[in-house]
Amino acid sequence: MNLELKGKAVIVTGGSKGIGRAIALGMLAEGADVLACARGAEALAALAAGAPKSGGRLETVAADLTDAGAIELVAARCAQAFGRVDILVNNAGSARTGEFLELDDQAWLDDWRLKFFGYVRMARSAIPLMERGGGGVIVNIIGAAALNPRRTYMVGGAANAALNHFTKALADEGARRGVRVVGVNPGPIMTERLLKMRAGLLGANPGASDAFSRMTPLGRAGTPEEVADLTMFLASPRAAFIHGANITIDGGYTQGLMG
Ligand SMILES: NC(=O)c1ccc[n+]([C@@H]2O[C@H](COP(=O)([O-])OP(=O)(O)OC[C@H]3O[C@@H](n4cnc5c(N)ncnc54)[C@H](OP(=O)(O)O)[C@@H]3O)[C@@H](O)[C@H]2O)c1
């Protein structure tokens, strides 16, 4: 299938590692031009070193997306480098686990600043630039925790639930502006973030060594490339009628009727 992504200008937040890195590399291989941002310059340089030689152009920006000003600069940099913004993949995010009574306001606010407001602010910056070019697509990488409330992952789970709502409401707004909006809810995906969580689990409980193989009915965690493939399809013109949908990719982890 030709995804018709060649020549598209794409912003991938958190594009230096894990799911974001796989999306950035996948988009480049499809011939799209990619602006990848993250805080650490070293991982961004490693991304550039591993980029396909015959693909689209790659620009990298070191930026902390908890900072509203940095978000404006990232969007502007894409328009400056490629002359347009066609696709925004909101991906940079993380939230802590913890006991409810031990997580104070600051902990909630700190994590929501990236995982919720980072997505909202990035969309608000990108939409006018997309409109200028005749439209665009926003893909929010959210998380299946939205659909599976757990007492020790409330900060992230609640942010994910809010982002599922945001995706649908933003689709309503985007329809008036030629901007298609979709969400992706990954379950456990084998990235640095998941490995760190696994290390935490192992520290507390040596019997948890196969915790991730038991985490999904398919008996494994997903790969970043599997999420990237879904994201590229959703961002492509081949998915032109998918709008306001939050799509789960979790190896069967979510057992409710939704997702
Ligand atoms: N892996 C999973 O199992 C899983 C499951 C559900 C949902 N998700 C969601 O999928 C997304 C990607 O997760 P991942 O597992 O690929 O994470 P990851 O491997 O930890 O990569 C996160 C990326 O975001 C960047 N980043 C982190 N904080 C940032 C900040 N303040 N400003 C700018 N960039 C920042 C990181 O680079 P720097 O650290 O250098 O900034 C890195 O490039 C996240 O939103 C996560 O919540 C993941």
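Computed from the coordinates by the stated procedures, all read-outs in this text should not be read as laboratory data. Remember, it's a predicted structure, so these values are computed and weren't measured experimentally. Note that we place each Cβ from the backbone using ideal geometry, even for glycine, and neighbour counts take in every protein chain shown.
Put simply, the amide H of Gly222, placed in the peptide plane, has neighbours under 5 Å in Ile189, Met190, leaving out anything fewer than 5 places away on its chain.
Restricting the stretch 117-202 to trypsin sites (Lys or Arg not before Pro) that sit in a DSSP loop and have at most 15 other Cβ atoms within 10 Å of their own Cβ leaves Arg150, Arg151, Arg176, Arg177.
A Förster radius of 51 Å, combined with the Cβ-Cβ distance separating Arg238 from Phe100, puts the computed FRET efficiency at roughly 0.75.
Fewest-first ordering of Thr254, Thr152, Thr231 by other beta carbons within 10 Å of each residue's beta carbon gives Thr152, Thr254, Thr231.
Given their separation in residues at 0.36 nm each and the Cα-Cα distance between them, Ala107 and Ala48 gain 17.9 nm when the chain is fully extended. Normalising the average separation of contacting C-alpha pairs (under 8 angstrom, six or more residues apart) by the number of residues puts the relative contact order of the chain at 20 percent.
Across the stretch 123-259, Cα pairs under 8 Å and at least six residues apart give a relative contact order of 31 percent. Projecting the Cα atoms of Met197, Ile242, Ala162 onto the charge dipole of the chain (Cβ charges, centred on the Cα centre) puts Ile242 farthest toward the positive pole. Under the convention that each Lys and Arg Cβ holds +1 and each Asp and Glu Cβ holds -1, the size of the dipole of the chain around its Cα centre is about 380 debye. Comparing Glu102, Glu131, Glu173 in a Gaussian network model of the chain where C-alpha atoms under 10 Å apart are linked, the largest mean-square fluctuation is found at Glu102. Once the Cα atoms are used to define both axes, helix 224-235 deviates from the longest principal axis of the chain by about 40 degrees.
Taking the chain as the region of interest, the number of lysine pairs whose Cα atoms are within less than 20 Å, with members eight or more places apart or on different chains, is 7. One chain, two ends: Met1 and Ala169. Fully extended at 0.36 nm per residue, the span grows by 57.5 nm beyond their Cα-Cα distance. Amide H to amide H, with H built 1.01 Å from N, Gly31 comes under 5 Å of Gly56, counting only residues 5 or more places away or on other chains.
Among the GluC sites (Glu not before Pro) in the stretch 1-88, those located in a DSSP loop and surrounded by at most 16 other Cβ atoms within 10 Å of their own Cβ are Glu4. In the elastic network of the chain, a GNM with C-alpha springs shorter than 10 Å, the most mobile of Met190, Met232, Met122 is Met190. I want to verify a result. In a Gaussian network model of the chain, Cα cutoff 10 Å, which of these has the top mean-square fluctuation: Pro186, Pro128, Pro224? So, out of Pro186, Pro128, Pro224, the one fluctuating most is Pro128. Given Ala95, Ala70, Cys37, which one lies farthest toward the positive end of the charge dipole of the stretch 12-155, if we put +1 on the Cβ of every Lys and Arg and -1 on the Cβ of every Asp and Glu? Of the candidates, Cys37 comes out farthest on the positive side.
Taking every alpha-carbon pair under 8 Å whose residues sit at least 6 apart, the stretch 1-123 reaches a relative contact order of 27 percent.
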